[in-house]
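Okay, so here's the structure we're looking at.
The values are calculated or read from the model by the stated rules, or taken from the named source; none is laboratory data. Note that the coordinates shown come from a computational prediction; the quantities given were computed from them, not determined experimentally. Here the Cβ positions follow ideal geometry from the backbone for every residue, glycine too, while neighbour counts run over all protein chains shown. Heavy atoms of the whole protein, side chains included, go into the accessibility calculation; ligands, DNA and RNA do not. Shrake-Rupley method; radii C 1.70, N 1.55, O 1.52, S 1.80 Å.
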Amino acid sequence: MQMHQSTIDPQEVAKFEAMAAEWWDPNGKFKPLHMLNPTRLDYITSQIAAEFGRDLSSPAPFDGLRILDIGCGGGLLSEPMARLGATVVGADAAERNIPVAQVHAENAGLDINYRFTTAEDLAAAGETFDVALNMEVVEHVADPQNYLNACQTLLKTGGLMICSTINRNPKSYMMAIVGAEIVMRWLPKGTHDWKKFITPDELFELIETAGLRPVDRKGFVFNPALWKWSLSDRDLSVNYVTASTKVA
């Protein structure tokens, strides 16, 4: 398989290849994502509904929308999108993730098109989508700007990109590296490289340079007392999410 290598970091891909079998274990190496997923989905679904005028209380509110889950992993976001009626393509550069995602979707009775590919290859093939979910990926690529350029190409005019990542500051180092990887051992040591984290202002600049218009950003905040995540308008100090659109 020929793949554009401009933004792929082989060391980052190898990390997730090694953990592929644990995607659907809520107490495994992806426990942080399972804990965060309901809050991620609340944000994603509300942004899509607002952008495309959909009623989330209807039986299949995303019917007719083509959604790309780039860096789909085991399908933690692809499956809910399919259940909401969207046509979903899940793409990942870690080949071992794809059969894990396929088997889980088949067992759930969901029709999801999972592919071992990259954003660049999808763009080169002329694929386009109404929505691109770009969650916790940009901090793992070799060239964030070129990667986001490819994501922009993949969006139809009027399309929406949801992009989340981790801020770069002392607090994020303590929470995402020391806390999650060393103290809590939720993730293997070395899963994240603090130097590759991106501040919200930096991400907005990258998004705008790619030709997208940022329209929203929120923080994902973990409350250790309640042991749950929530959205915040103000606290973007560690995990955060952005929404941007492709205008004519």
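Here are the numbers for the structure shown:
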{"item": "Partners for K246 among lysines (Cα-Cα distance below 23 Å; same-chain residues under 8 apart left out)", "result": "K156, K218"}
{"item": "Cα lying deepest toward the dipole's positive end in the chain, options I98, F204, P170, charges on Cβ", "result": "P170"}
{"item": "Order by protection proxy (mean Cβ within 10 Å, highest first), peptides 58-70, 197-209", "result": "58-70, 197-209"}
{"item": "Vicinal HN-Hα couplings computed from phi for segment 132-139 (Karplus, 6.51 cos²θ - 1.76 cosθ + 1.60; Hz; Gly/Pro x)", "result": "10, 8, 10, 9, 6, 10, 4, 7"}
{"item": "Pairwise FRET efficiency - A142 versus V103, Cβ, R0 = 30 Å, nearest 0.05", "result": "0.50"}
{"item": "Segment 92-244, relative contact order in percent, only Cα pairs under 8 angstrom and at least six apart counted", "result": "21"}
{"item": "Solvent-accessible area, 1.4 Å probe, carbon plus sulfur percent, for segment 10-246", "result": "53"}
{"item": "Selected from N37, N167, N134 as most flexible by GNM, with the chain as the system and alpha-carbon contacts under 10 Å", "result": "N37"}
{"item": "Proximal lysines to K189, defined as alpha-carbon separation beneath 18 angstrom and excluding residues fewer than eight positions away on the same chain", "result": "K15, K29, K31, K171"}
{"item": "Most mobile listed residue (G90, G159, G126) in the chain, GNM with C-alpha springs under 10 Å", "result": "G126"}
{"item": "Estimated dipole of segment 10-246 in Debye, rounded to 20 [Cβ of Lys and Arg +1, of Asp and Glu -1, Cα centre]", "result": "580"}
{"item": "Top positive-direction residue, dipole computed over segment 10-246 with Cβ charges, set N113, F52, G126", "result": "F52"}
{"item": "Accessible surface, the chain, averaged per residue in Å² (probe 1.4 Å)", "result": "44"}
